[in-house]
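For reference, the structure discussed in these notes is given below.
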Amino acid sequence: MAVYAYLRVSTDRQDVQSQRHGILEYANAGQLGSLTFIEDEVSGRTNWRERAVGKLLTETAQSGDVIVFPEISRMARSTLQVLELLEHCAERGLIVHVAKQKMVLDSSMQSRITATVLGLAAEIEREFISLRTTEGLARRKAQGSGIGRPKGSLSLRVKLDAKETEIREYLNKGISKRSIAKLVSCAPSTLYQWLERRQLRARKVA
């Protein structure tokens, strides 16, 4: 009997280490033995057959082998795909463990009902998160708040505020704004915006 552990992240900003840690704790507690980890970086919206888990379940794993998932949502992003995956595992005689929920899912009716409820709950939560994000952006737009980072780096603006006296002296000496930007180490556009906000003008040299 081989024991496989499937880890999946959607982006390179996510980390599989927490998933790995959860599975190792579960496997040690259940004495599952040595694990072979399968890592995948792909969206859960991609059909499971087109991911690394697809090859694992259709080609690599044999009847009687164990597949450990960190949680239901790592299987797939929809209830139907979770059920399809579990049905395939049952047909091939594969035993599915879910570490987070401490569950063993097989072909029994109880396992199917449990998988349906958990998959549906995960799908509903994703819909709520998406809805909250959309509503939040709409509210900010309605309130006149900009979406995304404003033009010009905030850190540079703070830096220019600290150099206001220095910049005023350069302006009084008639130094060009482009030259001043080089002197205070910022982009000319950032300086122009800062000067406009402060309503400062360069002194005209006679």
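What FRET efficiency comes out for the pair Asn28/Leu80, r = Cβ-Cβ distance, R0 = 35 Å, nearest 0.05? Once the sixth-power term is evaluated, E becomes 0.60. Residue exposure proxy: Ser176, Ser63, ordered by other Cβ atoms within 10 angstrom of their Cβ from fewest to most, comes out as Ser63, Ser176.
So what's the net charge close to Arg51: Lys and Arg +1, Asp and Glu -1, counting the other residues with Cβ under 12 Å from its Cβ? Value of the local net charge: +2. For region 184-195, the Karplus equation 6.51 cos²θ - 1.76 cosθ + 1.60, evaluated at θ = phi - 60°, returns couplings of 9, 6, 9, 6, x, 4, 5, 5, 4, 5, 5, 5 Hz by residue, with Gly and Pro reported as x.
Only Lys, Arg, Asp and Glu carry charge here, each on its Cβ (+1 for the first two, -1 for the last two); on that basis region 154-198 has a dipole of about 100 debye about its Cα centre. Please identify the trypsin sites (Lys or Arg not before Pro) of region 26-110 that satisfy two criteria: DSSP loop assignment and at most 14 other Cβ atoms within 10 Å. Which are they? The qualifying sites are Arg45, Lys102.
Peptides 182-191, 28-37: what's the order by average Cβ count within 10 Å, highest mean first? Before the final figure, lay out the partial values.
Values: 182-191: 15.3, 28-37: 12.1.
Ranking, from highest mean packing down: 182-191, 28-37.
Over region 154-198, the alpha carbon radius of gyration divided by the compact-protein estimate 2.2 N^0.38 Å works out to 0.99.
Computed extension length for Met1-Thr165: 51.6 nm, one decimal, from 0.36 nm per residue of separation with the Cα-Cα distance subtracted. Shape analysis of region 1-83 places it in the oblate category; the axes a ≥ b ≥ c from the Cα gyration tensor give an a/c of at least 1.5, with a/b not above b/c.
Computed from the coordinates by the stated procedures, all read-outs in this text should not be read as laboratory data. This is a predicted model, so every value here is computed, not measured. Note that each Cβ is placed from the backbone with ideal geometry, even for glycine, and that neighbours are counted across all protein chains shown.
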